[in-house]
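K.L.:
I have a structure here, written as structure tokens, and I will follow up with some questions on it.
The values are calculated or read from the model by the stated rules, or taken from the named source; none is laboratory data. Predicted model only: the values in this text are computed from it and were never measured. Note that each Cβ is placed from the backbone with ideal geometry, even for glycine, and that neighbours are counted across all protein chains shown.
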Amino acid sequence: MSGAARILITGGTGFFGKSLLAARKREAVSEGELVILSRDPEGFLCRFPAFAGLPGVSFAAGDVRDFPFPDEEFSAVLHAATPASARLEAENPAEMRSIIVDGTKRVLDFCRSRKVPRLLLTSSGAVYGPQEPECERMAETHPCRPVTAYGQGKLEAERLCLDSGVETVIARCFAFVGPYLPLGIHFAAGNFLRDALENRPIAIRGDGRPLRSYLYAGDLVRWLRRLLEAGEPGRIYNVGSENAVSIAELAERCAALRTPPSAVTVLGHPDGLPAPRYLPDTARARRELGLAETVNLDEALRLTFEFHRNNGYCMKNQQGEKS
């Protein structure tokens, strides 16, 4: 994302988009242009005024499924429009699929009609489906057996892109933590940080054994930029951390951000089965593109906690953002 590039970012007001905008603001970058597609740019900028007036950043209003095509010439599209909503998955999976699949079709139509030479699709580790107990980490060659509308939609979007004739790189994204992670929806890390910020006991609904890993938002931005610039067309890359942490340990680390630490309660009981895991193998991205995790989990949690504490944490700003 440098030089005279002009890049369209869909989902530019979600977690990924806000992380990209925050990096641009922090780096004081003025070269190149970012056009952010959002259903409600005005509302977004009212909620996040720090992103108003950034040099080289403009906003376009529209739904990813039917947005008007901008007239400018673009060097790339970063397609990150994704409904991160467990409620939508449960109540209206057809709408979940439509946003992902029909949105991708519209983006591909735009790329073909405007001859955009490069597309980065942010997919998800959900395309793999449940990870087998004997599988330590899932590589890009792991079979895809998605069981959710979200995962199925993402896999369909991948196939649409790979069959489209548009030069596409695919980022299969796992779990992340950072300043703009919503704290009030279904993300465990966000929920635990919320409870710590509010000085409440942290309650784990399950048995605390599932294994996850979290890449910091700053690293996520570096990985996405590198994939957009240098990823091999038609290639899939896992994006995430390989460093596993149990949900119980994650809660303890979040609790320790307060002095004295918040209390942690595990409400569930082990069922005798192997602990579920959701962990990527990122050897391909590390080997081919020189990518690495540079911020460890403790530092990532601390930075996220301090961001909210120093910026007037407020629950009304912690619901999922519309993108």
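K.L.:
Please pick out the residue among 59, 74, 44 that is touching a residue at least 12 places away in the same chain (Cβ under 8 Å), hydrophobic (A, V, I, L, M, F, W, C), over 30 Å from residue 146 (Cα atoms) and assigned to a strand (DSSP E or B).
P.N.:
Within the list 59, 74, 44, the selection yields 59.
K.L.:
Continuing with this model, one more query. Are any residues in region 92-127 part of a helix (DSSP H, G or I) and of a type in the set (S, T, N, Q), and if so, which ones? Write out each step before concluding.
P.N.:
Let us first name the residues in region 92-127 that are part of a helix (DSSP H, G or I), namely 93-113, 125-127.
Scanning region 92-127 gives 98, 104, 113.
K.L.:
Somewhere in region 98-114, is a residue touching a helix residue (DSSP H, G or I) at 6+ places or on another chain (Cβ under 6 Å), aliphatic (A, V, I, L, M) and at pLDDT 95 or above? Reasoning before the result, please.
P.N.:
At the first step, the residues of region 98-114 found to be touching a helix residue (DSSP H, G or I) at 6+ places or on another chain (Cβ under 6 Å) are 100-101, 104.
Applying the additional criterion that residues be aliphatic (A, V, I, L, M) yields 100-101.
Those still in the list that are at pLDDT 95 or above too: 100-101.
Looking through region 98-114, at least one residue is touching a helix residue (DSSP H, G or I) at 6+ places or on another chain (Cβ under 6 Å), aliphatic (A, V, I, L, M) and at pLDDT 95 or above.
K.L.:
Pairs under 7 Å by beta carbon, first residue assigned to a loop (DSSP other than H, G, I, E, B) in region 216-231, partner of a type in the set (Val, Ile, Thr), six or more apart or different chains?
P.N.:
That search, which allows pairs on different chains as well, returns 231/169.
K.L.:
Now a separate question. Take residue 165 and decide whether it is under 20 Å from residue 228 (Cβ atoms) and either part of a loop (DSSP other than H, G, I, E, B) or of a type in the set (Lys, Arg) (or both). Lay out the reasoning, then the answer.
P.N.:
Working: under 20 Å from residue 228 (Cβ atoms): yes; either part of a loop (DSSP other than H, G, I, E, B) or of a type in the set (Lys, Arg) (or both): yes.
Judged against the criteria, residue 165 is a match.
K.L.:
Shifting gears a bit: Looking at 37, 8, 20, which is the one that is part of a helix (DSSP H, G or I) and either surrounded by 21 or more Cβ atoms within 10 Å (Cβ to Cβ) or among the small types (Gly, Ala, Ser) (or both)?
P.N.:
Numbers: 37 fails: part of a helix (DSSP H, G or I); 8 fails: part of a helix (DSSP H, G or I).
So the residue among 37, 8, 20 that is part of a helix (DSSP H, G or I) and either surrounded by 21 or more Cβ atoms within 10 Å (Cβ to Cβ) or among the small types (Gly, Ala, Ser) (or both) is 20.
K.L.:
Identify the residue in region 52-90 that is more than 24 Å from residue 119 (Cα to Cα) and not hydroxyl-bearing (Ser, Thr, Tyr) and, among all such residues, is modelled with the lowest pLDDT. Step through it out loud before you land on a result.
P.N.:
The initial filter retains those residues of region 52-90 that are more than 24 Å from residue 119 (Cα to Cα), namely 52-53, 85-90.
Those still in the list that are not hydroxyl-bearing (Ser, Thr, Tyr) too: 52-53, 86-90.
Numbers: 52: 96, 53: 94, 86: 86, 87: 89, 88: 92, 89: 91, 90: 92.
The qualifying residue modelled with the lowest pLDDT is 86.
K.L.:
Out of everything in region 156-186 that is within 13 Å of residue 105 (Cα to Cα) and among the hydrophobic types (A, V, I, L, M, F, W, C), what residue ends up being surrounded by the fewest Cβ atoms within 10 Å (Cβ to Cβ)?
P.N.:
Per the criteria, the residue is 162.
K.L.:
Here's another thing I want to ask about it. Say we look at region 195-212 and pick out the residues that are outside any loop (DSSP other than H, G, I, E, B) and out of contact with any Lys or Arg (no Cβ under 8 Å at 6 or more places or on another chain); which of these is nearest to residue 248 (Cα to Cα)? Steps first, answer last, please.
P.N.:
Looking only at region 195-212, we keep the residues that are outside any loop (DSSP other than H, G, I, E, B), and these are 195-197, 202-204, 211-212.
Of the ones still in play, those that are also out of contact with any Lys or Arg (no Cβ under 8 Å at 6 or more places or on another chain) are 195, 202-204.
Values: 195: 14, 202: 10, 203: 10, 204: 7 Å.
Selected residue: 204.
K.L.:
Can you name the residue in region 297-318 that is surrounded by fewer than 12 Cβ atoms within 10 Å (Cβ to Cβ) and not in a helix (DSSP H, G or I) and is also modelled with the lowest pLDDT among such residues?
P.N.:
Ranking the candidates gives 314 first.
K.L.:
Any idea which of 210, 201, 261 is farther than 30 Å from residue 5 by Cβ and without any contact (Cβ under 8 Å) to a residue 12 or more places away in the chain?
P.N.:
Numbers: 210 fails: without any contact (Cβ under 8 Å) to a residue 12 or more places away in the chain; 201 fails: without any contact (Cβ under 8 Å) to a residue 12 or more places away in the chain.
Residue meeting the stated conditions: 261.
K.L.:
Quick one: in region 247-296, which of the residues that are out of contact with any Pro (no Cβ under 7 Å at 6 or more places or on another chain), surrounded by fewer than 20 Cβ atoms within 10 Å (Cβ to Cβ) and small (Gly, Ala, Ser) is nearest to residue 139 (Cα to Cα)?
P.N.:
Here the residue is 283.
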